[in-house]
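Visitor: Sharing a structure below in structure tokens format, with a few things to ask.
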Amino acid sequence: MIRLAPSILSADFSRLGEDVALIERAGAHVIHVDVMDGHFVPNISYGATVMKSLVGRTKLPFDVHLMIEHPDQYVEDFVTDQTEFITVHQEACPHLHRTLQHIKSLGVKAGVALNPATSLSTLDYILEDADLVLIMSVNPGFGGQKFIGSALEKVKVLKALRDKNNCDFTIEIDGGINLENVKPVTDAGVELVVAGSSVFKASDVEKRVREFLSVF
Ligand code: DX5
Ligand code: ZN
């Protein structure tokens, strides 16, 4: 099953609850939560308090994307009854195995994200430990950037690696996804599709969610 995870980074924060209600009503599956620290990426977004304000206001699970240094210090803050995944960046984790085990010990699925320039080979010894691999199709830090085409090939190779090694992690993509490029991406093997600006900047957000779902 392919799931849509709208990123609330592009939502209207003055009416975040209403924006989330819109995507939920239209059938979105997951809420993608982009956390940026101004160090790992050159932008600051929001923290656990904002995410926790949605607990109970929506039934959708949270997919937390930590674009931060020293994520081990903060993962506990993002654990709620609705947190499905917490994903850290390979580039931010010198002890990635330990960090993934830490997340799993909290009862949450553990994901690892790769920047566009980072090779899949950096995951050679960790694939069995990951519940999710997130392929970044933009350089993280901002919504509304253009999709980087090499991510498509990366997804295909990752899927082949998963089959070869008999792993069962979820494949996610994030960055620059729109109605034009989503089909090749899901055909390549992506099961969790993040879309920020193409959902929340649409003139009719509910209609845009339904358009995405009709492609899956
Ligand atoms: C980028 C974030 C993305 C972002 C996607 O650093 O990780 O999740 O919100 O936004 P769009 O879909 O607009 O590229
Ligand atoms: Zn993200």
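The values are calculated or read from the model by the stated rules, or taken from the named source; none is laboratory data. None of the values given here were measured: they were computed from a predicted structure. Here Cβ is always computed from backbone atoms with ideal geometry, including for glycine, and neighbour counts include all displayed protein chains. Heads up: the accessible areas ignore ligands, DNA and RNA and are worked out on the full protein's heavy atoms, side chains in. Shrake-Rupley method; radii C 1.70, N 1.55, O 1.52, S 1.80 Å.
Visitor: I'd like to know if the range 12-33 contains one or more residues that are open to solvent by 10 Å² or more (accessible area, probe 1.4 Å), in contact (Cβ under 8 Å) with a residue 12 or more places away in the chain and in contact with a Gly (Cβ under 9 Å, 6 or more places away or on another chain).
Guide: No: zero hits.
Visitor: Say whether the condition of being more than 16 Å from ligand 2 (Cβ to nearest atom) and at pLDDT 95 or above is met by at least one residue in the range 137-150. Step through it out loud before you land on a result.
Guide: Step one: filter the range 137-150 for residues more than 16 Å from ligand 2 (Cβ to nearest atom), giving 149-150.
After this cut, where a residue has to be at pLDDT 95 or above as well, the list is 149-150.
Yes, the range 137-150 contains at least one residue that is more than 16 Å from ligand 2 (Cβ to nearest atom) and at pLDDT 95 or above.
Visitor: His70 versus (1) in contact (Cβ under 8 Å) with a residue 60 or more places away in the chain; (2) at positive phi: which is the lone unmet condition?
Guide: Among (1) in contact (Cβ under 8 Å) with a residue 60 or more places away in the chain; (2) at positive phi, the lone unmet condition for His70 is (1).
Visitor: Return the residues of the range 126-147 that are more than 16 Å from ligand 1 (Cβ to nearest atom) and in contact with a Gly (Cβ under 9 Å, 6 or more places away or on another chain); say none if nothing qualifies. Show your work before the answer.
Guide: Filtering the range 126-147 down to residues more than 16 Å from ligand 1 (Cβ to nearest atom) leaves 126-131.
Result: Ala130, Asp131.
Visitor: Taking the range 4-50, which residues are polar (S, T, N, Q), within 14 Å of ligand 2 (Cβ to nearest atom) and part of a helix (DSSP H, G or I)?
Guide: Ser10
Visitor: Go through (1) open to solvent by 20 Å² or more (accessible area, probe 1.4 Å); (2) touching a Phe, Trp or Tyr at 6+ places or on another chain (Cβ under 7 Å) for Met51 and report which single condition fails.
Guide: Evaluating Met51 over (1) open to solvent by 20 Å² or more (accessible area, probe 1.4 Å); (2) touching a Phe, Trp or Tyr at 6+ places or on another chain (Cβ under 7 Å) leaves (1) as the failure.
Visitor: Something else about it: Quick check on Leu123: is it touching a Gly at 6+ places or on another chain (Cβ under 9 Å), over 15 Å from Ile8 (Cα atoms) and at pLDDT 95 or above?
Guide: No.
Visitor: Another question, then. What about Phe62, is it closer than 23 Å to Val88 by Cβ and within 12 Å of ligand 1 (Cβ to nearest atom)?
Guide: no
Visitor: Of all residues in the range 79-94, count the ones that are over 21 Å from Lys52 (Cα atoms) and touching a residue at least 12 places away in the same chain (Cβ under 8 Å).
Guide: Going through the range 79-94 one residue at a time, the tally reaches 5.
Visitor: For the range 165-216, which positions are among the polar types (S, T, N, Q) and over 18 Å from Ser150 (Cα atoms)?
Guide: Within the range 165-216, Asn165, Asn166, Thr170, Ser197, Ser198, Ser203, Ser214 qualify.
Visitor: I would also like to ask the following. May I ask you to verify whether Ile103 is assigned to a helix (DSSP H, G or I), within 16 Å of ligand 2 (Cβ to nearest atom) and in contact (Cβ under 8 Å) with a residue 12 or more places away in the chain?
Guide: So Ile103 does not fit the description; no.
Visitor: Moving to a separate point now. Could you identify the single residue in Asp77, Asp72 that is open to solvent by 10 Å² or more (accessible area, probe 1.4 Å), in contact with a Gly (Cβ under 9 Å, 6 or more places away or on another chain) and not in a strand (DSSP E or B)?
Guide: Asp77
Visitor: If the Cβ limit is 8 Å and pairs must be 6+ apart or interchain, which residue in the range 125-145 that is of a type in the set (Phe, Trp, Tyr) pairs with which residue that is away from ligand 2 (no atom under 12 Å from the Cβ)?
Guide: Between residues of the range 125-145 that are of a type in the set (Phe, Trp, Tyr) and residues that are away from ligand 2 (no atom under 12 Å from the Cβ), the close pairs are Tyr125/His97.
Visitor: Within 24 Å of Val88 (Cβ to Cβ), in contact (Cβ under 8 Å) with a residue 12 or more places away in the chain and more than 16 Å from ligand 2 (Cβ to nearest atom): does that describe Ile173?
Guide: In short, no.
Visitor: Can you spot a residue in the range 66-89 that is among the β-branched types (Val, Ile, Thr) and touching a Lys or Arg at 6+ places or on another chain (Cβ under 7 Å)? Spell out the reasoning first.
Guide: Filtering the range 66-89 down to residues among the β-branched types (Val, Ile, Thr) leaves 68, 75, 79-80, 83, 86-88.
Right, trim to touching a Lys or Arg at 6+ places or on another chain (Cβ under 7 Å) and you get 80.
Taking every residue of the range 66-89 in turn, at least one turns out to be among the β-branched types (Val, Ile, Thr) and touching a Lys or Arg at 6+ places or on another chain (Cβ under 7 Å).
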